[in-house]
Amino acid sequence: MPTISMFYGIIVRMYCANAEREPPHIHVYYQDHTAVYDFIAGKYIKGKLPSKQNKLLSAWCEIHLDDLKADWQLASGGELPLPIDPLR
């Protein structure tokens, strides 16, 4: 599962699989926390990050929504997603 971005200790990854399940999502890691986040709806499918990191992740997803959608298309077709700029 390739890492597509890292910022403020948050690692964002996206699976590459032809049959990756909907809705479009990312896998997020921060210290001992893991989560699956629906970046279209802006909500967790599984797990959760601490409040501060949740706000950072939400802002990053909003800023990079078009990039995330493009990466989802690549990844769901079995191709590697492209890196996305971190939150600065």
HN-Hα J couplings of region 34-42 from phi, Karplus 6.51/-1.76/1.60, θ = phi - 60°, integer Hz, Gly and Pro as x? 10, 7, 10, 10, 7, 7, 7, 7, x
Which lysines, if any, have their Cα less than 19 Å from the Cα of Lys55, not counting same-chain residues under 8 positions apart? Lys43, Lys46
Starting from the amide H of Leu49, placed 1.01 Å from N in the peptide plane, find each other amide H under 5 Å away whose residue is 5 or more places distant or on another chain. none
Grab the other residues whose beta carbon is less than 15 angstrom from that of Leu65, score K and R as +1, D and E as -1, and report the net. -4
P(r) of the chain over all Cα-Cα pairs, binned every 5 Å from zero, in whole percent: 3, 16, 30, 28, 17, 6, 1
Would you calculate, for the chain, the mean residue ellipticity at 222 nm contributed by helices, counting each DSSP H stretch of 4 or more residues as -39,500 (n - 2.57) and dividing by all residues, to the nearest 500? -9000 deg cm²/dmol
Which value in nm describes the separation of the simple spin-label points at Arg21 and Ile45, placed 7 Å from the Cα toward the beta carbon? 0.7 nm
Using Cα centres only, tell me the gap between region 13-43 and region 49-78 in whole Å. 8 Å
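Bear in mind that the values in this text are calculations on the coordinates, not laboratory data. These numbers come from a predicted model, not from an experiment. In this analysis, Cβ positions are derived from the backbone assuming ideal geometry, glycine residues included, and neighbour counts consider all displayed protein chains.
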